[in-house]
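What follows is a short report on a single structure.
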Amino acid sequence: MAKHHVATTINGDPVEYLCDTEQTLLDVLRDNLQLTGSKEGCASGDCGACSVTIDGRLVCACLVLGVEADGCEVGTIEGIAEGDSLHPLQQHFLQDAALQCGICTPGFIVAAKSLLERNPNPTETEMRYWLAGNLCRCTGYDKIITAVTNAASELRGE
Amino acid sequence: MGKEEQFDTATQSVEASGYKVVGTRPIRPDGIEKVTGRANFGADCNLPGMLVGRIIRSPHAHARIVSINTDKALALAGVKAVVTSADFPEIGPKARGAGEAPVSFRDMSRNIMARDKALYDGHAVAAVAATTAAIADQAAALIEVEYEVLPHVLDAREAMKPDAPLLHDDLFTKGLDPKPETPSNVSQRFEFGIGDTAAGFAAADVIVEHDFTTQCVHQGYIETHACVANTTEDGMSTVWASSQGQFMVRNYSATVCGMDITKVRVMPAEIGGGFGGKTTVYLEPVAIMLSKKAGKPVKIVMNREDVFRATGPTSGGHAHAKIGAKKDGTITAGELTMEYEAGAFPGSPVQFGCMTGYAPYDIENVKAVGFDVVVNRPKVAAYRAPGAPVAAFAVESALDELAKKLGMDPIALREKNAATEGTQAAYGPKFQRIGYLETLQAAKNHPHYSAPLGPNQGRGVASGFWFNIGGESSAAMHVNEDGTVEVVTANPDIGGSRASMGIMAAEVLGIDVSQVKPLIADTASSAYSMLTGGSRVTFAVGKAVCEAADDVVVQLRERAAKVWDVDIEAVEWKDGAAINTKSDSGESLSLKAIANTAGKTGGPISGKANINATGAGPGFGTHICDIEVDPETGRSSVVRYTAIQDVGTAIHPSYVEGQLQGGAVQGIGWALNEEYIYDDKGCLQNGGFLDYRVPVASDLPMIDTVLVEVPNPGHRFGVRGVGEVPIIPPLAAVANAVAAAADVRMTDLPISPPKLLAAIDGAK
């Protein structure tokens, strides 16, 4: 079957690609566009390692088809830092040692950024429920919660 | 103790120790790559012309493979190669590999690609490589395997029965006298002990005895197994793989494929979690063989279901603990009998369970017996302190019951019997300086231990012990002309070890940690180093790094001596500079200055150390857990948790705390949620993160930590391994807290809501 032509915007830049009907957005990002920062941990929407935004909405890229991104704005981990300056979430993940192996980190940062855009001052419980779709097997989440708390505080200008 | 106080404590200990870098918390050198998505993990490697590999797996728990027909798959356009066990050399039973636990290459080969029989649901039987993923999937479906389904067995005690289905007709139980004449599913019987337990129980005033059951659980690393192999016409194969040891991948893959070790070069990818589960190979030899046949690079990435079906897990099994004590709490005897499920091939960690169960205690009479039992489940792999958590679940739960019967505080009971320096451990050695008692004291004094509890809440404590290991390790250090230093080691960074290597190098060299760049080399660019496991890297590879730095310092002093025209003995190294002790003005040359002129004083400066590290210090931990039980649903929630551990010296305290927190949470998952569930045909029913539920952020509170620092005399900075101990206490800490909250003793893990509800209803 012929491939589909998709015109989309990824991290602010116009991007066109050809994809098969059954290819997920995650496959397209990783295999067609070499944007390998989004990770596949489960391919079933259970681990959040492929968290991206589509028109500002947080989704698992493994549950979205590549063709569905047509005409949309896609945000991935590769677009979080601005030039050579890290986003406060990235900075606090480093300062607070919120990663061990680092495979879940891109998903957590994308998901946490999405939370803070909606709720700049979340409680610990709100953070924990928002991030419940992102699995981390290394940290026990403690330092991730600390990093998000500190990044939120910095983003609020405190 | 709050987080900030904890931070201050660590900072103070740095000042008290006199270290300048050890004990500080610099940002990890590989951090930016990992928060920006640039870091390359196993599945992120791509080569031009690369094919996609797929593994075809048995849908049966136990079946004879009658035939495999690959004709239709090979005829499909885009299919470049198919392999089955016929493509791999037959390996004899005597081929064994060194490592934390010796491995059988015959079993490894047969686990990677089934020969004659499929031994579990998910056992690989064939593999295909094609130009696209879609074609590879199509081809996989075209491979015709004819099976003769055989009866299966999943449970250790069932598999030990004389009429149980037999997995291997050449397996005769080792460790029995006389040697058995008929094969069975019991691969080995282990026994460790001291004294006379019968006499010990006769002297006891109180005896507790319980039978415990646990289920098979998976390491649950978020990164699935992945590799790329490129085998070329000269017979060389380059492999990019995520693993716990590039040399392990090289040696195991070469052996399984019947190649010389030098024909395989392994490039280490970043590793997305391992916890022991990536200390063996599954895909790499298959990718090497597919690539050899196809003449192109082949990438294989496992999907999550196959990770659950065919990798990991650690043993479920049974444990029976019996403990006797005097009225004053002195333990007079302890017995432990355990049967662990090894999976389809021998090699459960039951031996380690036997050795560790009573290790925290100074008991005169101990007997531990273990049975390693093969069943139709995936062959187990190491999982953080392999074997110890289940043993500790039994012993530490029984101790909780004992404390209750004696009317003693559970920490006081442990203090009374705690192993200390000089205690003869039942498994063999006499302990040197250890910090178990200190963890108990820290637990007793922690505000958590005396904090009030709410309704339906209970508090539990439990302890754990792990050996920790050293082993063969290498490090090289290159001094650049601008005074920066590369530290090259060959162990994957699984949780921040680059940061620890950099800190230790900077401390010995006396320079700022920002001037040190830790790197991880491939197998052709470094001397051999044993895999990342056994909590050995910061200790053993760290020792090699320190010695490589010593080597560099000697050379720097030599160069300075040459400049000053003095004897090297007259040159001291202090704070990153050579000092001329013969000079009245205190003449000095910084590392940077010496590096800058190295060309004129003898050429490049680099150091190395290749060692077999000994002197690993055992680790002990004590955890406090508060559980709230919902009496309506039987759901247990962890409401407060504190992990206390003797960590020797924390090189980078944040990553040490992280080990304690992560290990504790894996243990909490083991206690409350996680288990392999099979149907009546022996097929795994919950091979995904939706149904195999690891703890998520909303399940948990913050995990408080206390780093007790009793330096290990076997390391210049006092390092003890820290990664494994934290998963040992939680199973019992949770169960003991549930017992306190709901007044029922749960002896069967996981303590899932329906199970607990039934127990509560049964107790009414």
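The values are calculated or read from the model by the stated rules, or taken from the named source; none is laboratory data. Since we're looking at a predicted model, the values are computed, not measured. Note that each Cβ is placed from the backbone with ideal geometry, even for glycine, and that neighbours are counted across all protein chains shown. These area figures cover heavy atoms from the full protein model, side chains too; ligands, DNA and RNA do not enter into them. Shrake-Rupley method; radii C 1.70, N 1.55, O 1.52, S 1.80 Å.
Since only B:Gly295, B:Val485, B:Asn417 are under comparison, the one whose Cα sits farthest along the positive direction of the charge dipole of chain B, derived from C-beta charges on Lys, Arg, Asp and Glu, is B:Gly295.
Taking the helices alone, the protein assembly as shown has a mean residue ellipticity at 222 nm of -8500 deg cm²/dmol, built from -39,500 (n - 2.57) per DSSP H run of at least 4 residues and averaged over all its residues. Pairs with C-alpha atoms separated by more than 20 Å, drawn from the list B:Lys117/B:Lys174; B:Lys80/B:Lys299; B:Lys326/B:Lys404; B:Lys379/B:Lys681; B:Lys444/B:Lys755; A:Lys39/B:Lys34, are B:Lys117/B:Lys174; B:Lys444/B:Lys755. Placing +1 on the Cβ of every Lys and Arg and -1 on the Cβ of every Asp and Glu, with nothing else charged, gives the protein assembly as shown a dipole about its Cα centre of roughly 1300 debye. Over all projection directions, the Cα-based convex hull of segment B:470-613 averages an area of 8.3 nm².
Which residues does a label at A:His4 reach in segment A:20-54, if reach means a backbone N under 15 Å from a point 7 Å past the Cα toward the Cβ? Backbone N within reach: A:20-29. Only one residue of B:Asn610, B:Val647, B:Ala595 has its Cα farthest out toward the positive end of the dipole of segment B:586-681, where Lys and Arg carry +1 and Asp and Glu -1 on Cβ, and that residue is B:Ala595. Applying 1/(1 + (r/R0)^6) with R0 = 45 Å to the Cβ-Cβ distance of B:Ala141 and A:Arg156 gives a FRET efficiency near 0.25.
Of A:Phe93, B:Phe192, which has the most accessible area with a 1.4 Å probe, and how do the rest follow in descending order? Could you put the intermediate results ahead of the total?
Numbers: A:Phe93 0, B:Phe192 45 Å².
Sorted descending by solvent-accessible area, the residues read B:Phe192, A:Phe93.
Straight Cα distances below 18 angstrom link B:Lys263 to the aspartates and glutamates B:Asp87, B:Glu233, B:Asp234, B:Glu284, B:Asp522, with same-chain residues fewer than 8 positions distant left out. Computed over protein heavy atoms with a 1.4 Å probe, the carbon and sulfur contribution to the accessible area of chain B reaches 50%. Here each label is just a point 7 Å from Cα along the line to Cβ, and for B:Lys179 and B:Arg635 those points are 5.7 nm apart. Here, the protein assembly as shown has an Rg and a Dmax of 27.7, 88 Å when only alpha carbons are counted.
Over chain B, what is the relative contact order in percent, taking alpha-carbon pairs closer than 8 angstrom and at least six residues apart?
Relative contact order, chain B: 15 percent.
Accessible area per residue of segment A:4-79 at 1.4 Å probe, in Å²? Roughly 40 Å² per residue, with all protein chains present.
Taking a straight Cα-Cα cut-off under 17 Å and skipping sequence neighbours fewer than 8 places away in the same chain, the aspartates and glutamates within cross-link reach of B:Lys582 are B:Glu558, B:Asp565, B:Asp567, B:Glu569, B:Glu572.
Rolling a 1.4 Å probe across all protein chains gives A:Leu18 an accessible area of roughly 100 Å².
Partner lysines whose Cα lies under 24 Å from the Cα of B:Lys20, excluding those fewer than 8 positions away in the same chain, are identified as B:Lys3, B:Lys517, B:Lys543, B:Lys574, B:Lys592, B:Lys608.
Over all other residues within a Cβ to Cβ distance under 12 Å of B:Cys354, the charged ones net out to -2, with Lys and Arg as +1 and Asp and Glu as -1. Out of A:Gly41, A:Val59, A:Tyr141, whose Cα points farthest toward the positive end of the dipole of segment A:15-158 (charges: +1 Lys, Arg; -1 Asp, Glu; placed on Cβ)? Of A:Gly41, A:Val59, A:Tyr141, it is A:Tyr141.
Taking each residue as 0.36 nm, the span from B:Ala524 to B:Ala95 lengthens on full extension beyond its C-alpha to C-alpha distance by 152.0 nm. In segment A:78-99, the residues that give up 20 Å² or more of accessible area when the other protein chains are added, compared with the chain on its own (1.4 Å probe), are A:Leu86, A:Gln90, A:Leu94, A:Gln95, A:Ala97, A:Leu99. Between A:Thr123 and B:Ile207, the modelled labels are 5.2 nm apart [label points 7 Å from Cα along Cα→Cβ]. Shielding by partners for peptide A:43-49, expressed as the average number of C-beta atoms from other protein chains within 10 Å of each residue's C-beta, is 5.
For segment B:228-238, putting each phi into the Karplus relation 6.51 cos²θ - 1.76 cosθ + 1.60 with θ = phi - 60° gives couplings of 10, 10, 10, 9, 9, 5, 7, x, 8, 10, 9 Hz, in residue order, rounded to whole numbers and with x for Gly and Pro.
How much accessible area per residue does segment A:88-155 have, counting only protein heavy atoms and a probe of 1.4 Å, in square angstrom?
Working: 1930 Å² over 68 residues.
Value for segment A:88-155: 28 Å² per residue.
Can you compute the label reach from B:Lys755? Point 7 Å from Cα along the Cβ direction, backbone N cut-off under 20 Å, restricted to segment B:691-708. Within reach of a label on B:Lys755, which here means backbone N under 20 Å from a point 7 Å along Cα→Cβ, segment B:691-708 contributes B:691-696, B:699-700. Considering chain B at the alpha-carbon level, its Rg and Dmax are found to be 27.2, 88 Å. The separation of segment B:432-503 from segment A:31-47, counted between C-alpha centres, amounts to 31 Å.
Would you calculate the volume per residue, in Å³, of the smallest convex hull containing every Cα atom of segment A:4-79? Don't skip to the end; give the middle numbers.
Working: hull volume 5.4 nm³, N = 76.
Measuring per residue, one finds 71 Å³ for the Cα hull of segment A:4-79.
Solvent-accessible area lost on pairing A with B (1.4 Å probe, both sides summed) amounts to about 3900 Å².
Of the solvent-accessible surface of segment A:4-79, computed with a 1.4 Å probe over protein heavy atoms with every protein chain present, carbon and sulfur atoms account for 48 percent.
Average accessible surface for segment B:295-365: 24 Å² per residue, computed with a 1.4 Å probe over protein heavy atoms with every protein chain in place. Placing pseudo-labels 7 Å out from each Cα toward the beta carbon at B:Asn612 and B:Lys562 gives an inter-label distance of 3.5 nm.
Between B:Glu33 and B:Glu148, what FRET efficiency follows from the Cβ-Cβ distance if R0 is 41 Å, with the result rounded to 0.05? Efficiency computed from Cβ-Cβ geometry: 0.20.
Heavy-atom accessible area with a 1.4 Å probe sorts B:Val541, B:Val639, largest first, into B:Val639, B:Val541.
A Förster distance of 45 Å, applied to the separation of the beta-carbon atoms of B:Lys293 and A:Ser85, puts the FRET efficiency at 0.40.
Against the longest principal axis of chain A, how steep is helix A:142-155, in degrees 0 to 90 to the nearest 10, with axes from Cα atoms? Approximately 90 degrees, to the nearest ten. Taking every alpha-carbon pair under 8 Å whose residues sit at least 6 apart, segment B:365-454 reaches a relative contact order of 16 percent.
By a 1.4 Å probe calculation restricted to protein chains, B:His448 has an accessible surface near 0 Å², given to the nearest 10. Heavy-atom accessible surface of B:Thr262, to the nearest 10 Å², is about 110 Å², with a 1.4 Å probe and all protein chains retained. Sorted from longest to shortest, the spans of the Cα atoms of segment A:88-155 along the three principal axes equal 28, 23, 17 Å. Sorting B:Met501, B:Met702 by accessible area puts them as B:Met702, B:Met501; the probe is 1.4 Å, largest comes first, and only protein heavy atoms count.
Across segment A:88-155, the mean sequence separation of Cα contacts (distance under 8 Å, 6 or more residues apart), normalised by length, yields a relative contact order of 54 percent.
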